[in-house]
Amino acid sequence: MSIDIPDYKIDEWILELKPYQRNAIKQLLKNNKPEDVAKTWLTTQGMSNTIPFGGIRDTKPFWDNFVNEFNKFICDENEYRNEKNAIQKESSISKSILISIISSALGAQIGFSATLLAPAVTLLLFTVGKITKNAYCRTYYTKTETS
């Protein structure tokens, strides 16, 4: 099941975010590409002078898992069928519905809050819409990611 990602300007996408998220994202976008901002948003480790509670500070595996799941959602017809059906049932698919459903689905899969994933999802949806879904999937997704 395929979903279409509309081509909106970045400012139109980030209007869907909570004000504190929107402000932080706008600042980061001044000097960075949307994909880099998404990664920064999800891999920021907080205060640098605190000792991590159990475990290491390597956030790369989390980013990799997030992108893998996002790509499966967007590019793989067989993944996230229930969520894609929910999107299809909407009479008019708004940016906020797309962001909400995708953030919730990915959050449930990788064990992270949908609210915290929403900015990264928003930025990647902008990227998909900008270059078209087909071009995005040919560039960033291979079926072997799901194995």
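Filtering the range 65-88 for residues that are farther than 16 Å from A105 by Cα, modelled with pLDDT under 95 and not aliphatic (A, V, I, L, M) leaves an empty set. The number of residues in the range 64-85 that are free of Cβ contacts under 8 Å to residues at least 24 places away in the same chain, closer than 16 Å to M1 by Cβ and assigned to a helix (DSSP H, G or I) comes to 2.
Which residues, counting only those in the range 39-61, are hydrophobic (A, V, I, L, M, F, W, C) and at pLDDT below 90? If you could, list the steps in order and put the result at the bottom.
Applying the first criterion (hydrophobic (A, V, I, L, M, F, W, C)) to the range 39-61 yields 41-42, 47, 51, 53, 56.
Hits for the range 39-61 are M47, I51, F53, I56.
Total residues in the range 1-48 satisfying the condition of being part of a helix (DSSP H, G or I), more than 15 Å from the chain's Cα centre (by Cα) and buried (at least 16 other Cβ atoms within 10 Å of the Cβ): the figure is 3.
Within the range 1-17, how many residues are among the hydroxyl-bearing types (S, T, Y) and farther than 11 Å from F126 by Cβ? Walk me through how you get there before you give the answer.
We begin by selecting, within the range 1-17, every residue among the hydroxyl-bearing types (S, T, Y); these are 2, 8.
If we keep only those that are farther than 11 Å from F126 by Cβ as well, we get 2.
The total comes to 1.
Consider the range 105-124 and keep the residues that are crowded, with 24+ Cβ neighbours inside 10 Å and of a type in the set (V, I, T). The one that is farthest from the chain's Cα centre (by Cα) is T122.
The values are calculated or read from the model by the stated rules, or taken from the named source; none is laboratory data. A quick note: this is a predicted structure, and the numbers were derived from the prediction, not measured. Backbone-built Cβ (ideal geometry, glycine too); neighbour counts: all protein chains shown.
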